[in-house]
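The values are calculated or read from the model by the stated rules, or taken from the named source; none is laboratory data. None of these values were measured; they are calculated from a predicted model. Neighbour counts are summed over all protein chains in view; Cβ atoms, including those assigned to glycine, are modelled from backbone coordinates with ideal geometry.
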């Protein structure tokens with residue numbers, strides 16, 4: 001029997017991305033894999049049934065699937081319809097969504113959350129966080145440009161010279177670097193800030209200026225550690241002075257599994273120029289700005305503050321193409337040459353991405369959190 005791979009319809013409001021694209025269907029079929037999709041799948045990403053080609057269409061595509069691919073975690077009803085032993089691969093929110101994680105364990109599903117993927121060179125082709133952050137960083141700058149009442153580039157006109165807008169990007173991870181690159185392409189005068197000093201070279205390689213506030217918070221795994229109260233106070237004092245010069249500020253700072261660090265206070269916003277803009281990419285986890293309202297654009301002290309949610313979904317076509325490739329590359333670790341499923345628990349990419357398997361919660365921090373909550 002060939003392995004059956006299915007996709008579940010996304011139920012999160014506003015989610016437009018697809019976990020399986022026509023390109024990936026061709027690759028799965030070439031590997032001898034059967035593909036089953038629910039009717040209408042991919043319509044929000046502008047795919048038609050004809051685009052997908054050789055797939056089966058069925059209302060409950062996941063019931064007999066060996067592997068289910070998703071963008072967001074399926075709801076509990078969908079999880080209960082999956083057969084015991086089936087594999088679920090996607091962004092499964094291991095730091096939250098506890099009821100769903102329990103349902104995965106109770107249903108004896110093998111779930112693999114790609115947010116847990118070790119961030120190694122070998123894992124880059126499967127790194128969903130990076131691929132989706134790139135789209136988010138790009139879109140955040142476009143939002144800032146739309147809200148800003150100025151040109152981004154310097155212009156020489158018959159009415160005189162128009163000075164370029166000043167853009168500050170806070171956080172120089174994948175999203176921040178993409179935001180810097182996008183703002184530069186639009187012609188703005190760009191500065192980048194990160195508490196990890198090793199990001200200076202990356203920021204400057206994109207043609208931006210590194211904003212050095214004299215605070216270092218280099219952490220493990222490429223993420224920043226949390227600042228001490230003294231470090232945070234000094235950072236905020238110096239940052240507040242710099243914000244007064246900026247026309248657009250894009251915030252991208254995040255700490256996995258925790259609320260977004262508060263970097264811009266209400267007092268800093270009050271000190272900014274009237275007409276300036278803040279785009280807070282961290283809105284989904286509380287925001288880097290104290291005045292951010294997730295899902296809304298508000299005006300406070302003459303500053304427009306945007307708190308967009310699910311930015312990758314706003315670029316659904318390319319975001320889906322990258323995401324589906326990430327999933328396919330990860331699934332390929334589990335398919336042998338004959339197209340059969342074979343899990344190699346000695347492979348750290350498989351072992352460390354496993355959330356639940358055979359009735360157990362395998363990810364230790366998640367298991368400890370749920371046991372403490374019970």
Task: From the options 324, 319, 306, residue that is touching a strand residue (DSSP E or B) at 6+ places or on another chain (Cβ under 7 Å) and closer than 30 Å to residue 145 by Cβ - done: 306
- [ ] Kindly provide the set of residues from the stretch 30-59 that are more than 20 Å from residue 77 (Cα to Cα) and buried (at least 16 other Cβ atoms within 10 Å of the Cβ), ordered by number.
- [x] 31, 33, 34, 35, 42, 44, 45, 47, 52, 55
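Give, as residue ranges, the strands (runs of 3 or more DSSP E) completely inside the stretch 276-374 that count at least 1 residues that are outside the structural domain of residue 29 (by TED's automatic domain parsing).
On the way: elements: 277-280, 297-300, 303-306, 354-357.
It comes to 277-280, 297-300, 303-306.
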Task: Selected residue [within 16 Å of residue 254 (Cα to Cα), crowded, with 18+ Cβ neighbours inside 10 Å and out of contact with any helix residue (DSSP H, G or I) (no Cβ under 9 Å at 6 or more places or on another chain)] from 166, 196 - done: 196
- [ ] Could you tell me which of the residues 54, 75, 106 is closer than 25 Å to residue 322 by Cα and in contact (Cβ under 8 Å) with a residue 40 or more places away in the chain?
- [x] 75
Open item on the list: Tell me yes or no: at least one residue of the stretch 84-93 is part of a loop (DSSP other than H, G, I, E, B), on the phi > 0 side of the Ramachandran plot and in contact with a helix residue (DSSP H, G or I) (Cβ under 9 Å, 6 or more places away or on another chain).
Closed with: yes
Task: Looking only at the stretch 240-258, and only at residues there that are without any contact (Cβ under 8 Å) to a residue 60 or more places away in the chain and in a helix (DSSP H, G or I), the one that is surrounded by the most Cβ atoms within 10 Å (Cβ to Cβ) - done: 240
TODO: Specify the residue that is farthest from the chain's Cα centre (by Cα); the eligible residues are those in the stretch 299-344 that are buried (at least 23 other Cβ atoms within 10 Å of the Cβ) and over 20 Å from residue 24 (Cβ atoms).
DONE: 303
- [ ] Keeping to the stretch 139-155, report how many residues are touching a residue at least 40 places away in the same chain (Cβ under 8 Å) and surrounded by fewer than 23 Cβ atoms within 10 Å (Cβ to Cβ).
- [x] 7
Open item on the list: I'd like to verify a number: residues in the stretch 138-173 that are closer than 12 Å to residue 281 by Cβ and in contact with a strand residue (DSSP E or B) (Cβ under 8 Å, 6 or more places away or on another chain), how many?
Closed with: 7
Task: Test: residue 71 is under 23 Å from residue 252 (Cβ atoms) and outside the structural domain of residue 240 (by TED's automatic domain parsing) - done: yes
